[in-house]
Structure formats: C-alpha cells, structure tokens
1. I need the phi-derived Karplus couplings for region 29-39: 6.51 cos²θ - 1.76 cosθ + 1.60, θ = phi - 60°, integer Hz, Gly and Pro marked x.
2. Calculate the radius of gyration of the Cα atoms of region 77-129 to one decimal place, then report Dmax, the largest Cα-Cα distance, as a whole number, both in Å.
3. Could you order peptides 315-325, 179-189, 112-122 by the average number of other Cβ atoms within 10 Å of their residues, highest first?
4. Report, in debye and to the nearest 20, how large the dipole of the chain comes out about its Cα centre when Lys and Arg carry +1 and Asp and Glu carry -1 on their Cβ.
5. Please work out how many pairs of lysine residues in the chain are eight or more positions apart (or on different chains) and have Cα atoms closer than 20 angstrom.
6. Tell me, in nm to one decimal, what length is gained between ALA154 and LEU284 on full extension, where the rule is 0.36 nm per residue of separation less the Cα-Cα distance?
7. What is the sum of charges around GLY311, taking Lys and Arg as +1, Asp and Glu as -1, for the other residues whose C-beta is under 9 Å from the C-beta of GLY311?
8. Starting from the 7 Å offset along Cα-to-Cβ, what nm value, one decimal, do you get for the label separation of VAL215 and ALA128?
Amino acid sequence: MDRLAIVIVTFKRQELLGRLFDSIAGLTVAPWRIVVVDNENSPRTAKMAAGLSARLAAQWGETPAEPDSAGKTGRVVYDPQKTNTGGSGGFSEGVRRAFELGAEWFWVMDDDVAVLPDALERLEPWSARYDVVQGQRYDYDGTPFFWQHHFMTALCIYNPLSRAGFNGSDHLDVNVMCFEGALFRRRVVERIGLPDHRFFIYYDDAAYGYLASKVCQPVLVPDYVLRRTREVPHQEVGASGVRQISSTSDMTRYYIMRNRGYMARYFMLHGDYNPVGYAFGTLLSFAKEALRLALVDRGHFGPSWARLWAGYRDSRTVLHDPAWEPMPPLG
C-alpha cells in the first residue's frame, strides 16, 4: 500500500504503548509514517517516540524527510496535544496530520493493541478491492474478538443480532468502523472529512464508518491483523461465549448516551433518522447499561445512573441544536 500511515492515539498508558511500538518494529512490511498523537503531552511518551524513530531508522532505513508544520519529519511523527482531546479528538488530529503529510492510507489504532507481524501483507490484497477495510482482532486471551459490525440506523444502536462468522463469504459488508485497526483510503477522507472530534469518546468510529458507507462499501475481512493487549472485565453472554458485555466507566456511560445525539444528526443528513425508532433505541441503550451494571460493574448504581441521565439530557441538546454542522469534506 502506497504511503500508509499508522495513526496511534495514546493517553497515560506508556507500558501498553511500548508493546505496540515493539510490535510495529516486528512488521514484515515497513509503514510509510507512524503518527503518535499524545493526549497527555508527556515527556516520557516523547522520549519513547524518539526511541522508536531511531530504532526503525536503523532497522528499515529512514524515509526521506518531508516538510510539515514543524519543519522536517522522519518516519515517526510525534504530535502532542495541549489538552486531552479524547480518542475522538486524537484520531481527528492524527488523520489530519497524516493527511497533510500526504498519506494515501490511514491505519488507525489505540495504544492497547499490538499489530501482528504480517498484518500489512494480509491487508494488501483487500486494499486493491476496497477503500475501507476492517481486519479481525484477537482478544487479550488469544481468542477471536467479536465485533458488532452493523449499526441499526432506525434504532441508533449496534445490531445485537449481528452474526459471528462469514458463512462461506470471503468478507462481510459493514456500515461502521472500529478505530482498533480500521484501514481507509485518502479519497474517503477527502469526501467525508476528518473523524468528528466532538464525540470525545465512543461512537466516533461508528459515525465515521457510517459516513464512509455513503461513499463506498466498507468491509470486514477474515484476516487477523491485531491483538488486544489490555484485559477488560467482562461477562459472557449466551451459550457460545462469543458475545460479551465489558466493563466501562461512568465517563463512558455519559458519552454512550450523549453521543446518540451526534449519531442522529448525521442520520438526519442522509435521511436515515427515525424519531420513533430512535426513542425506542434510547430505551434499549438504558436497558443495556442496566444489564452491564448488574452483571459487570456492580455497586455503582447511583452515580452511574446520574451520568447516564446527564448524557441523555445533553443528547437532546445536541439533537435540537440549530447551530450544529457536520464535519466538512477535505476534497
């Protein structure tokens, strides 16, 4: 893939970031750029990025330096933020920086994954056929990680009945992305703009995949390209054990509800908003969080429900904000 940039967003998880850096050094194909967006603005992370740059320069040879806003840059681009912009702001900034440098492909990921050595070789054939490719991931324990790959626009929720497996097909058509390993082409960014930083966390990748599905066909492919490196408490759901409900924070609970308003605004732009379905989906979202609290995050009902209700209240503000505008295209 020509001019592929790995875009990494990190915040106060240097141990995990170090594992990701080690795995990048183990790739059998060298990426063109690695953009590290540091939401902590940490001297330790800056030192780690410089160390990775020196390591890769010795291993692969340095790519020619090209001008950017800071002067000259090599293969590793360190991009510290003045404040924590969340995963959404980090991915928006990272894609912007890589775009301005001239990247043709963007492979985005958090700091709590590791790339598999032959990942880029596995993704290469798909890049000749599709503009958005989502590879598979292994979970922390080495088992396949199930991803809900379809978003029900009528209800504004992930489809809880999405099937695990390909049923004989070589890929699945999807209408979302996951920013743990989504790969997308420059012309997609030109048409739909940058990831929306206003989400802060949660649903930003769902919205970006939804918008991408309006200009191309995103796909989920069977090739494994990542491994998750952080264990998250969870409860298995169903006899197969494939599906699970994972632990989350009260902060995330707030954004789960608040960002439904942002999703709805994008659905309105494309004629996919259903007010009755949206209301029912909101009830289902509350029910899912009640189940999560009962099965996984026990003992925090009062503060957690307060954050859920605050998120719901603010989603209504977003939903009816006359000044709201979508992210602009870059083409």
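Read-outs: derived from the displayed coordinates by stated rules, not from any lab. Here the structure is a predicted model, which is why all the values come from computation and not from measurement. Here the Cβ positions follow ideal geometry from the backbone for every residue, glycine too, while neighbour counts run over all protein chains shown.
1. 10, 7, x, 6, 9, 10, 9, 10, 8, 9, 6
2. 13.3, 39
3. So the order, starting with the most tightly packed, is 179-189, 112-122, 315-325.
4. It comes to approximately 580 debye.
5. Value for the chain: 4.
6. The ALA154-LEU284 span can extend by a further 45.5 nm.
7. With Lys, Arg at +1 and Asp, Glu at -1, the net is +4.
8. Modelled inter-label distance: 2.5 nm.
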